[in-house]
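Let me begin by presenting the structure, written as structure tokens, before commenting on it.
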Amino acid sequence: MHEVYLMRHGETAWSLSGQHTGVTDIPLTENGRKLAKRLAPVLGRENFTLVLTSPLERARETCELAGLGERAQIDRNLTEWNYGEYEGLTPDQIHAKDPQWLLFRDGCPDGESPEQVGARVDEVIARIRAVQGHVALFAHGHVFRVFVARWLGLAAAAGSHFLLDTATLNVLGYYRNIPAVKQWNAVLAP
């Protein structure tokens, strides 16, 4: 059975401030670049059949710095959640407008619902399951949280249970032919 390596992009100015960064193309910080480079030795030991990245700069640069940029194919379904009216806002700013708001339940006004993100992720999962061998994905926190939920056969809203830090290594695979999480939120030492 193959494994799927999920690499959330490195740190950005907005990930530091807690702002929702969907379609805004924010570059990595210098620290984000440093953290992304730590992925290279680990990923260099693997033989990936398929490497996919979000089209957004922060994911593409993480992929490049991790040593897989030349092999990467852009997959628009890995683009971060479209936050609509909440793009660039922090959770505190959003809760000032709507105290009960929860992304994985409510989605975003003029943006995407959890079901819409789940449908995009399902297309990526189908693409992955059609190939033999290990797969590397470079994308974003919320879309990856939905990805994990859908990989496990859960509703997109279950992504709320999977926290994901920047520039971490996460591995999905199978346990006795059942989709499983094999490694979660691994921070690589310098």
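The values are calculated or read from the model by the stated rules, or taken from the named source; none is laboratory data. Computed from a predicted structure; not experimentally measured. Backbone-built Cβ (ideal geometry, glycine too); neighbour counts: all protein chains shown. In case anyone asks, the SASA skips ligands and DNA or RNA and just uses the protein heavy atoms, side chains included. Shrake-Rupley method; radii C 1.70, N 1.55, O 1.52, S 1.80 Å.
Tabulated data for the structure shown
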{"quantity": "Charge-dipole axis of the chain as Lys and Arg at +1 and Asp and Glu at -1 on Cβ define it, positive-most pick from 84, 10, 134", "calculated": "134"}
{"quantity": "Å² per residue, accessible surface of the chain at 1.4 Å", "calculated": "46 Å²"}
{"quantity": "Rough spin-label spacing in nm, given labels placed 7 Å along Cα→Cβ, for residue 182 and residue 85", "calculated": "4.3 nm"}
{"quantity": "Cα-derived Rg over Rh, computed across segment 70-190 with Rh taken as Kirkwood radius", "calculated": "0.98"}
{"quantity": "Segment 38-190 - percent relative contact order, Cα under 8 Å, separation 6 or more", "calculated": "24 percent"}
{"quantity": "For segment 37-103: relative contact order, % (alpha-carbon pairs under 8 angstrom, 6 or more apart)", "calculated": "29 percent"}
{"quantity": "Residue 150 accessible area, assembled protein chains, probe 1.4 Å, Å²", "calculated": "70 Å²"}
{"quantity": "Cα gyration tensor, segment 85-127 - rounded (a/c under 1.5), prolate or oblate", "calculated": "prolate"}
{"quantity": "Whole-Hz ³J(HN,Hα) from phi, Karplus 6.51 cos²θ - 1.76 cosθ + 1.60, for segment 138-147, glycine and proline x", "calculated": "10, 7, 10, x, 6, 5, 5, 5, 5, 4"}
{"quantity": "Rounded to the nearest 20 debye, dipole of the chain from Cβ charges on Lys, Arg, Asp, Glu", "calculated": "820 debye"}
{"quantity": "Computed [θ] at 222 nm, deg cm²/dmol, the chain (DSSP H ≥ 4; -39,500 (n - 2.57); rounded to nearest 500)", "calculated": "-9500 deg cm²/dmol"}
{"quantity": "Prolate/oblate/rounded label for segment 20-130 (Cα gyration tensor, a/c 1.5)", "calculated": "oblate"}
{"quantity": "Residue-wise HN-Hα coupling along segment 42-49, computed from phi with Karplus coefficients 6.51, -1.76, 1.60 (Hz; x: Gly, Pro)", "calculated": "6, 5, x, 7, 9, 10, 8, 6"}
{"quantity": "Rounded if a/c under 1.5, otherwise prolate or oblate - segment 108-150, Cα gyration tensor axes", "calculated": "prolate"}
